[in-house]
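The values are calculated or read from the model by the stated rules, or taken from the named source; none is laboratory data. Predicted model only: the values in this text are computed from it and were never measured. Virtual Cβ from ideal backbone geometry, glycine too; neighbours counted across all protein chains shown.
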Amino acid sequence: MRLENIVLQARDPQVTGRFWSAALGLVDLAPGSPQDYEGRLWVDDELWLDVCIEPAAEPPPPGWRLHLDLRGGAQQQQVVERLTGLGATPVDIGQGEVPWVVLADPDGNAFCVMEERAAYSDTGPIAALPLDSADPQREAELYAALTGWVPAPGVGPVTLRHPSLRGPLLELCPEPEPKARQNRTHLDVRPTPGGPDQRALVDLALSLGATLATDDWAKGHPWVVMHDLSGNEFCVLADAGD
């Protein structure tokens with residue numbers, strides 16, 4: 001199994017997709033639907049993540065339970081200037097005086113450009129994926145089981161990373177408040193040959209406290225929409241090759 005997709009929503013996936021493609025150096029792919037955007041982020045010759053953007057009717061509401069932290073480091077200011085030149089805008093989400101810079105993509109999705117941190121070595125352009133959690137330790141057990149990622153040094157209370165210790169960190173962070181609405185960003189995991197199939201991954205997630213989504217929008221897909229222990233959506237995709 002693998003963590004395959006970072007899925008965002010936007011009112012115009014093509015415009016927002018062009019921004020993220022340039023921001024992250026993605027290789028543009030043919031999406032499953034012509035209204036979507038999909039691009040691949042190669043971390044190395046074997047490790048990749050796809051950034052998928054699907055349509056949403058409304059602007060992003062307050063409260064980003066999962067967002068992207070981009071690597072800035074010693075070039076933080078130059079990275080910020082490049083991103084604003086691509087269409088990002090500074091945004092105040094109540095962060096106060098912090099060493100990172102908060103920006104929004106063309107649709108208003110907030111993300112951060114981070115200062116230098118030793119934990120971000122070999123991450124590539126996405127340094128981390130901070131996810132709000134009611135119970136970071138239990139949540140980490142779920143995501144480790146579904147992705148094969150392992151505990152790693154990081155900034156959040158509990159951090160997971162690909163076993164190669166390359167690519168972004170998945171940081172499980174204490175939630176400031178309980179989840180109130182569908183997340184605008186979520187993760188997808190994919191069964192891989194030789195491992196558990198889709199049904200087995202769903203059963204594994206259920207055994208670790210995840211639940212099946214029952215909303216109408218979550219039904220009728222080849223993927224299975226689920227909620228983690230904090231209510232955050234994630235999807236278990238169809239078996240590789242299906």
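Structural remarks
- Unique residue being among the hydroxyl-bearing types (Ser, Thr, Tyr), closer than 23 Å to GLN76 by Cα, crowded, with 17+ Cβ neighbours inside 10 Å and at pLDDT 95 or above when the list is THR147, THR185, THR159: THR159
- Residue match in the range 22-44 (condition: more than 15 Å from the chain's Cα centre (by Cα), at pLDDT 95 or above and among the β-branched types (Val, Ile, Thr)): yes
- Test: ASP107 is touching a residue at least 60 places away in the same chain (Cβ under 8 Å) and within 21 Å of ALA56 (Cα to Cα): yes
- Subset of the range 204-232 that is part of a helix (DSSP H, G or I) and loosely packed, with under 12 Cβ neighbours inside 10 Å - its residue that is modelled with the highest pLDDT: SER207
- Criterion: exposed (fewer than 15 other Cβ atoms within 10 Å of the Cβ), closer than 23 Å to ALA22 by Cβ and of a type outside the set (A, V, I, L, M) - qualifying residue of GLN77, GLN137: GLN77
- Residues of the range 33-71 classified as in a loop (DSSP other than H, G, I, E, B) and within 21 Å of HIS162 (Cβ to Cβ), total: 7
- Reported count of residues in the range 72-92, each being part of a loop (DSSP other than H, G, I, E, B) and of a type in the set (Asp, Glu), is 1.
- Meets criteria (surrounded by fewer than 20 Cβ atoms within 10 Å (Cβ to Cβ), touching a residue at least 40 places away in the same chain (Cβ under 8 Å) and under 23 Å from GLY72 (Cβ atoms)) for VAL43: yes
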